[in-house]
Amino acid sequence: MQRNDGRAPDEIRPINLELNVAPHASGSVLVSMGKTRVICAVTIEETVPRWMKEQSVTGGWLTAEYSMLPYSTQPRKPRDIAKGRIDGRSVEIQRLIGRSLRAVVDLDKVGPRTVWVDCDVLQADGGTRTTAITGASLAVAIACRRLVREKKLDTSPMRKLVAAVSAGILADQAVLDLNYEEDKLVSVDFNLVATEDGDFVEVQGSGEEATFAQSQLDEMLALGRKGIGELISAQRTVLARLMVTPPES
């Protein structure tokens, strides 16, 4: 099948990972998946949320915030502050990012600290939530390594890398990594988050006024695993180039 950008059904968009785009962050990445571009930046505070203190919860915490900048879409997207509240989609996505990263970070090892992960979409062309997770994983790995380098921790609390990708059913064919035009046309929308050893963190899938068969689900899962393997490989290439010891598999 011919996709609108010429890719094969099982092909992800070109990925690029540019580091240190936010100089005051402990780790930052500008991640691009095709035309979708997201800045992921990690800030570490030497304190924990009040609820952890009140409930005597030990260890640290990791939380995420997500936003689409006004110029990331056409037409312009108003800032949430203009509406007086965060929209439901943003809340859902930032919770997903937080869950995905907490699944691979040992919060006891983090110690009494809060790891803030800010994901800001510069340009949206489909897959912003999955792109954010992939970039945030690398940013957190770099930030954790910095804690070790600064002798605040003995070892990195990040146990594994994690990545995410979308898939869908387009014209009865399973396809990987949907751009915006494809996302509007698919009959099934699917997002997969998994660790580098193939364990699932989250699977989101729904029919768009349609149903899907077990065989189609299996196809999307297989495509998702393939795409995530390629994204993890790209993350590890960057870590190796930085001479950063990656988390153990």
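The values are calculated or read from the model by the stated rules, or taken from the named source; none is laboratory data. Note that this is a predicted model, so its numbers are computed, not measured. Every residue, glycine as well, gets a Cβ built from its backbone with ideal geometry; the counts of neighbours run over all protein chains shown. These area figures cover heavy atoms from the full protein model, side chains too; ligands, DNA and RNA do not enter into them. Shrake-Rupley method; radii C 1.70, N 1.55, O 1.52, S 1.80 Å.
Starting from the Cα coordinates of the chain, work out the convex hull volume and express it per residue in Å³.
Dividing the Cα hull volume of the chain by its residues yields 138 Å³.
Rg over Rh of the range 23-105, using C-alpha atoms and the Kirkwood radius, what does it come to?
Ratio value, two decimals: 1.01.
Can you tell me the dipole magnitude for the chain around its Cα centre, using point charges on the Cβ only (Lys, Arg +1; Asp, Glu -1), in Debye to the nearest 20?
The calculation lands at about 1000 debye.
Hey, what's the range 90-249 come to in accessible area per residue, 1.4 Å probe, Å²?
43 Å²
Over the residues of the range 119-249, compute the C-alpha Rg and express it relative to 2.2 N^0.38 Å.
For the range 119-249, the normalised Cα radius of gyration is 1.18.
Would you mind telling me the share, in percent, of accessible area of the range 48-199 contributed by carbon and sulfur at probe 1.4 angstrom?
Carbon and sulfur together cover 48 percent of it.
Using a basic spin-label model with each label point 7 Å from the Cα along Cα→Cβ, how many nm lie between Val57 and Glu209?
4.1 nm
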